[in-house]
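Enquirer: Pasting a structure here, questions to come.
The values are calculated or read from the model by the stated rules, or taken from the named source; none is laboratory data. Treat the numbers as computed from the prediction; the structure is a model and nothing was measured. Here Cβ is always computed from backbone atoms with ideal geometry, including for glycine, and neighbour counts include all displayed protein chains.
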Amino acid sequence: MPDTEYLLLADTLRPLLNKFYRAHNSPMRAAGEGQSWVAKRGAIIAGLSLTPVAQGHWLTGLFVDPAHRGQGIAARLVEQARAQLPSPVWLFCHPDLQALYERMGFATAPALPQALADRLARYRRSKSLIAMGIDPLVRSTSDNV
C-alpha cells in the first residue's frame, strides 16, 4: 500500500478537492476562504476545509473515500491540519459522529464564537447537529483511532 501524504492545497488547487467531493456524490464543498487539506495516495482519498472565524477556525467538509475508511486517515488529516494552527478549531457534526471526533480530541463545545453560534442555530432548524471544539494546546494522537 503506498504511503499517504497529508498536504495543504494551494488556493489554485482547491477545485481538485471539489472534484473529489463530486466524484463521491458528496454535497460538501471546499471553503471559499481559508485552508483546504487533503490526504493522497496518488489520488485524493480524503479532504477537509478550515475557515477562519473569530479567534480560531471552523472545520468543514471532512470526508474520506469510503474505500479508505477505518484506517485512521481522517484523524491524521485533522491532526496535520491542526498542527499548523495555534488557535481553537470548532466543528458541527451529526450525533452519530460524536464518538469519532471525541477520539480525535474534540469535546462538546460549551461556547462558540457568535458567528458560529448563529450559524448553528440556523442549521439546527432542519438538522440534528452537535457543536464540538478542541483546545489548541492539546494535540490528538491518531493511534487511538
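Enquirer: What do you reckon, is Leu129 crowded, with 21+ Cβ neighbours inside 10 Å and in contact (Cβ under 8 Å) with a residue 24 or more places away in the chain? Quick ask: steps written out before the conclusion?
Expert: On the way: crowded, with 21+ Cβ neighbours inside 10 Å: no; in contact (Cβ under 8 Å) with a residue 24 or more places away in the chain: yes.
No: the conditions fail for Leu129.
Enquirer: Now, a different point. Within region 68-97, track down each residue that is more than 16 Å from Lys40 (Cβ to Cβ), outside any helix (DSSP H, G or I) and touching a residue at least 12 places away in the same chain (Cβ under 8 Å).
Expert: Gln84, Leu85, Pro86, Ser87, Pro88, Val89, Trp90, Leu91, Phe92, Cys93, His94
Enquirer: How many residues, within region 1-28, are assigned to a helix (DSSP H, G or I) and of a type in the set (A, V, I, L, M, F, W, C)?
Expert: Initial filter on region 1-28 (assigned to a helix (DSSP H, G or I)): 11-23.
Restricting the remaining residues to those that are of a type in the set (A, V, I, L, M, F, W, C) gives 13, 16-17, 20, 23.
Residues that pass the stated criteria total 5.
Enquirer: A further question on this structure: Would you call Ala111 modelled with pLDDT of 95 or more and either at negative phi or among the charged types (D, E, K, R) (or both)?
Expert: no
Enquirer: Test of understanding: among Leu91, Leu77, which residue is within 18 Å of Ala109 (Cβ to Cβ), at pLDDT 95 or above and crowded, with 17+ Cβ neighbours inside 10 Å?
Expert: Leu91
Enquirer: Does Ser128 satisfy being among the hydroxyl-bearing types (Ser, Thr, Tyr) and in contact with a helix residue (DSSP H, G or I) (Cβ under 8 Å, 6 or more places away or on another chain)?
Expert: yes
Enquirer: When the residues of region 94-108 are filtered to those that are of a type in the set (A, V, I, L, M) and surrounded by fewer than 20 Cβ atoms within 10 Å (Cβ to Cβ), which remaining residue is farthest from Gly34 (Cα to Cα)?
Expert: My answer is Ala99.
Enquirer: Quick one: count up the residues across region 33-43 that are surrounded by fewer than 21 Cβ atoms within 10 Å (Cβ to Cβ) and either in a strand (DSSP E or B) or under 10 Å from the mean Cα position of the chain (by Cα) (or both). Before the answer, list the steps.
Expert: Going residue by residue through region 33-43, those that are surrounded by fewer than 21 Cβ atoms within 10 Å (Cβ to Cβ) are 33-35, 40-43.
Checking the rest, the ones that are also either in a strand (DSSP E or B) or under 10 Å from the mean Cα position of the chain (by Cα) (or both) come to 35, 40-41, 43.
Count: 4.
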